[in-house]
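**Q** One structure, as structure tokens, below. Some questions next.
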Amino acid sequence: MQQSNRLQSQPHAGSLPPRVPRHLRTAAAVAAALQGLIDASPPRRESQTLHAQLLTSGLGGAADLSVNVKLLVLHLRCGSLHNARAVFDGMPRPTHAAHNYLAAGYFRRGHLREALGVVRRLAASTGRLDVFTLSMALKLSAALALPGAVVAREVHARVVRTVAEPDEILSAALVDAYVKSGSLGYARRAHAVMPVRSVVCSTALLVGCMNEGMFRDAEAIFESMEEKDVVAYNAMVEGYSQTEETAEGSLEVYKAMQRAGFRPTLSTFVSVLGACSLLSSPELGEQVHCQAIKSSLFGDIKTGSALVDMYAKCGRVEDGRRVFDHMTERNVVTWTSMIDGYGKNGHSDEALQVFGEMRRRLDVRPNHATFLSVLSACAHAGLLSRGQEAFQSMESEYLLRPRMEHYACMVDLLGRFGSVRQAYEFVRGIPARPNSDVWAALLGAATLHGDVEVADVAAREVFELSRAGRPGAYMAFSNTLAAAGKWDGVHDVREMMKRRGVMKDAAFSWIGSDNPLLDD
């Protein structure tokens, strides 16, 4: 705020005020000059100088509303939220337009709560909001994902009371806000009473149903849409691609989309490649790869990263490496996918080699996911010292505070290839309370080495934190007791499972997909 305060302050004693140009001696002339600066592309940055000149001339006073609104817009165009807010706060009665401009400026810069505060101030001062402001409030509600859809419900009530004619953009924003606030029931009711359901509005509800795993409802919405666009198809493709059970549907919609004459977009390729990963179907992935090569999107970093990930997860890590090597640009996702692919396919040395190369570069930094892949690779290969060094470098070199999944990976590494007791002491030294993943990793290590005492401690923690969610933990502890000949303990664990309704995991086998080849 120092900069904005400086604009409002008087010149220092003994200094001359900025000279006001002769052509800026009337409010109309000032407004025209400001509009010229606003319309310039890129916007010219004379706003601060001009603002100071106006203050000394008396033309930039609070009463000059048209001048102040244009000055506010110019500051926003130049990226100065502080100065824009200073102009706004200096207006005794900011106009409706001033509120909307400032709220939109805050929104574009990611200052969501400040934007919402401006909207609430407008509602309190005037008692009415136009369609633009209502839509902005709904966008803020969706972006903030406030629980209970408080803002969305408040806006909905205002829409019902004040908006005479249905507005397509406002309706879509309302459904989207409800969906993103976790209030799918409200979203469905709002969608149901709309006289005309646009493709944008229906797609927003479709996405909400997909996110909640309500695939049949999503399918019904999709089939009922009189018109479909590429965004609607992509919503179905992406929604199906999230689980192994529905991944086949992603491929089917992908084919239907092309038959309907829509060209795959970047989002389409990324989602379909994700589905191929879940299905462990590199053959289908290769066909998508070929289609991506034919499009203008093949060189995009997201397509390349998705291909690396797909080939690695399908066991074709060398094919993934060829894609990786030919990419002209790589981001942290690309590097992490390559490291993870090597680690998951048993090539831990190569994973650590790629990680070492990544650390030497200046254009990318490892993130939490990267370190999880590195620690997992070390755990698979029993590389204890390398894993410890990587774990310690998270905070010391990259200022990344380890998360529980990193602690669990280290416990697994220490317990399997170091010492169960060392792993137990490591758990006791975790600054936050360990979650069930950490204790389950310790239980697995104790089971492997037959350490009944540590297994007992870990099992009790797991049972407390996840009473029925980890049947494998119950069986691991039971097996440890059985191996030690503690049959009374085995009986107690089995009885506990019965009381809590814990069922043994059913065994199953997996058979590759026989999905027909994709359409060209």
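**Q** Evaluate 2.2 N^0.38 Å with N set to the residue count of region 214-263, then give the Cα radius of gyration divided by it. Mind showing how you got there, number by number?
**A** Working: Rg = 10.3 Å, N = 50, 2.2 N^0.38 = 9.7 Å.
In units of the globular-protein estimate, region 214-263 measures up at 1.06.
**Q** Below 8 Å between Cα atoms, with a sequence gap of 6+, how large is the relative contact order for region 273-374 in percent? Write out the running numbers ahead of the final one.
**A** Values: 132 pairs, mean separation 22.4, N = 102.
Result for region 273-374 is 22 percent.
**Q** Put Lys228, Lys344, Lys294 in order of accessible area, largest first, 1.4 Å probe: what do you get? Could the numbers behind the result be given before it?
**A** Values: Lys228 60, Lys344 120, Lys294 160 Å².
Of Lys228, Lys344, Lys294, the descending order of accessible area is Lys294, Lys344, Lys228.
**Q** Per 5 Å bin from zero, what fraction in whole % of the C-alpha pairs of region 91-168 is there, up to the bin with the longest pair?
**A** 3, 16, 29, 24, 19, 7, 1
**Q** Just need log10 I(q)/I(0) for region 198-330 at q = 0.12, 0.16, 0.19 Å⁻¹, Debye formula, equal scatterers on the alpha-carbon atoms, no solvent, rounded to two decimals.
**A** Here the Debye-derived log intensity ratios amount to -0.45, -0.77, -1.01.
**Q** Set the bar at 19 Å for Cα to Cα. Now go through Lys180/Lys228; Lys228/Lys255; Lys255/Lys313; Lys313/Lys344 and name every pair that lies beyond it.
**A** Lys180/Lys228; Lys255/Lys313
**Q** Okay, next question. With only alpha-carbon atoms counted, please give the Rg and Dmax of region 329-470, in Å.
**A** According to the Cα coordinates of region 329-470, Rg and Dmax are 15.6, 51 Å.
**Q** Express the Stokes-Einstein translational diffusion coefficient of region 245-311 in µm² s⁻¹, to the nearest whole number, given a Kirkwood radius over alpha-carbon pairs, 10 °C and a viscosity of 1.306 mPa s.
**A** Numbers: Rh = 11.7 Å.
Here the translational diffusion coefficient equals 136 µm²/s.
**Q** Once you have a ≥ b ≥ c as the square roots of the Cα gyration tensor eigenvalues for region 321-409, tell me rounded if a/c is under 1.5, and otherwise prolate or oblate according to whether a/b is larger than b/c.
**A** Working: a/c = 1.92, a/b = 1.26, b/c = 1.52.
Here region 321-409 falls in the oblate category.
**Q** Next question, about the same structure. Please work out the Cα convex hull volume for region 146-254 and give it in Å³ per residue.
**A** Numbers: hull volume 10.0 nm³, N = 109.
Hull volume normalised by residue count: 92 Å³.
**Q** May I have the pair-distance distribution P(r) for region 73-120, computed from all Cα-Cα distances with 5 Å bins from 0 and rounded to whole percent?
**A** So the P(r) values, bin by bin, are 5, 24, 37, 26, 7, 0.
**Q** FRET efficiency for Glu464 and Leu112, Cβ-Cβ distance as r, R0 = 25 Å, nearest 0.05? If you can, show how the numbers build up before the last one.
**A** Numbers: r = 38 Å, r/R0 = 1.51.
E between Glu464 and Leu112, to the nearest 0.05, is 0.10.
The values are calculated or read from the model by the stated rules, or taken from the named source; none is laboratory data. Remember, it's a predicted structure, so these values are computed and weren't measured experimentally. Cβ coordinates were reconstructed from backbone atoms using ideal geometry, including for glycine residues, and neighbour counts include every protein chain displayed. To get the accessible areas, we keep the full protein, side chains included, count just its heavy atoms, and leave off ligands, DNA and RNA. Shrake-Rupley method; radii C 1.70, N 1.55, O 1.52, S 1.80 Å.
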